[in-house]
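Have a look at the structure below, then the notes.
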Amino acid sequence: QAKAAGRNTSRLFDPKTQAAVTLRADLEAALRTALEEEQFVLYLQPQISEDVRVTGAEALIRWQHPTRGLVMPGEFIAVAEDCGMIVPIGNWVLNTACKQLALWASQPAFAHMTIAVNVSAKQFHQHDFVEQVLDALSRHGAHASGLKIEITESMLIANVDDVIVRMEELQHHGVGFAMDDFGTGYSSLTYLKRLPLDVLKIDQSFVRDVLVDSNDAAIANMIVALANSMGLSVIAEGVETVEQMQHLARHGCHAYQGYLFSKPVPVERFEASLADFLKPLQQAATLTHLKQL
Ligand code: C2E
Ligand code: MG
Ligand code: MG
Ligand code: MG
């Protein structure tokens, strides 16, 4: 504790601070260029349901930088949120997802699939957010029911009533909502019954040690039970092993996302890999069957 405080204090006098400010300004400018020069790419990570189907994908942004290579969202989303660039970037994500949904609509193997997009609090709280979403859908001719919006508990810190009004308006048009990283934020369970949600996503921090940490297991099981009894779907995030999936399945989880099935991949890879995504689930089903004998 004292060590951490000491580190914080000394940072005020850190000669590197000016360099950090400059770096940040550089990054902001680079994000602007990235949008103009179309350097962002939307990767897709499959979502798998227990009936052995790929039900859809989560869209995860990457920045294909001309010299730095593939830059992950952890390196730029926070700065984009601070400087406001998250709004045009978020709109690019929405439009790209809607364009993909429209392309898939005419392909039998993909027509049923949903795409989930992450939306930042700052983007959601824009006065014209609902309009932006509906514009993106109609511009590309995508069905609203294919679009899922992932919100986080941080969005609920201010103006919960306003958040609910917007969600209800979009829901009325057919857009669905998932609560991302559920259990890691500060929101009250009271909101859960007021928000028009379709899905709770169990945060990967609970899934990671679900087999070895009884507290994580208790929380994951509680979220599954809560979702099931409230009539919501539940998706476990960050599933990396068959054993984690089987544990969650035994406790009533019905859908999964994680490296076990696939890392996020470019859309062409996604389209070419549907059968591969399902292999771990088929394997797990076989294992379960054998155990029952
Ligand atoms: P998230 O929405 O919770 O996304 C899940 C993250 O977990 C992704 O990281 C994904 O690649 C990673 N992941 C999935 N399965 C596994 C697994 O089995 N093991 C491990 N270790 N990790 C797994 P990614 O793509 O780096 O994104 C990080 C975060 O950045 C996202 O967390 C989301 O909060 C944010 N983000 C990504 N794309 C967007 C976007 O388009 N807009 C906004 N506002 N935020 C985004
Ligand atoms: Mg997400
Ligand atoms: Mg998450
Ligand atoms: Mg996260």
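The values are calculated or read from the model by the stated rules, or taken from the named source; none is laboratory data. The model shown is predicted, which means the values in this text are computed figures rather than measured ones. Neighbour counts run over all protein chains shown; Cβ positions are idealised from the backbone, glycine included. Quick note on the areas: whole protein, heavy atoms, side chains included, nothing else; ligands and nucleic acids left out. Shrake-Rupley method; radii C 1.70, N 1.55, O 1.52, S 1.80 Å.
Assorted remarks:
- Note that the range 190-201 has calculated 3J(HN,Hα) couplings of 4, 5, 4, 7, 9, 7, x, 8, 10, 9, 9, 9 Hz, one per residue in order, obtained from phi through the Karplus relation 6.51 cos²θ - 1.76 cosθ + 1.60 (θ = phi - 60°); glycine and proline are x.
- Between amide H atoms placed 1.01 Å from N, distances below 5 Å from V234 occur with L200, H254, A255, all of them 5 or more places distant or on a separate chain.
- Candidate cross-link partners of K193 among the aspartates and glutamates, defined by an alpha-carbon separation under 18 Å and a same-chain spacing of 8 or more, comprise E150, E153, D161, D162, E168, E169, D180, D181.
- Rounded Å value of the spacing that divides the Cα centres of the range 194-223 and the range 96-129: 25
- Positive-end residue of A217, A236, C98, charge dipole of the chain with Cβ unit charges: A217
- Using only side-chain charges placed at the Cβ, +1 for Lys and Arg and -1 for Asp and Glu, the dipole size of the range 67-155 relative to its Cα centre rounds to 340 debye.
- Antiparallel bridge percentage (DSSP; both residues within the chain; nearest 5): 45
- With contributions of -39500 (n - 2.57) from each DSSP H run of at least four residues, the per-residue ellipticity at 222 nm computed over the chain stands at -15500 deg cm²/dmol.
- Rounded, prolate or oblate (a/c below 1.5 giving rounded, otherwise prolate when a/b exceeds b/c) for the range 122-168 by Cα gyration tensor: prolate
- Carbon plus sulfur fraction of accessible area for the range 84-178, probe 1.4 Å, in percent: 53
- Highest-fluctuation residue, Y186, Y259, Y43 considered, GNM on the chain with Cα pairs under 10 Å: Y186
- The H on the amide N of V265, modeled in the peptide plane, is under 5 Å from the matching H of L44, Q45, each at least 5 residues off or on a different chain.
- Of all aspartates and glutamates in the structure, the ones whose alpha carbon falls short of 13 Å from that of K279, not counting any fewer than 8 places away in one chain, are E50, D51.
- Ranked by solvent-accessible area (1.4 Å probe, protein heavy atoms only, all chains present), the residues C98, C83 order from largest to smallest as C83, C98.
- Near the amide H of G56, within less than 5 Å, lie the amide hydrogens of Q47, T114, all on another chain or at least 5 residues away, with H placed in the peptide plane.
- What the chain shows is 51 Å² of accessible area per residue, with the surface traced by a 1.4 Å probe over protein heavy atoms.
- Cα gyration tensor, the range 76-202 - rounded (a/c under 1.5), prolate or oblate: prolate
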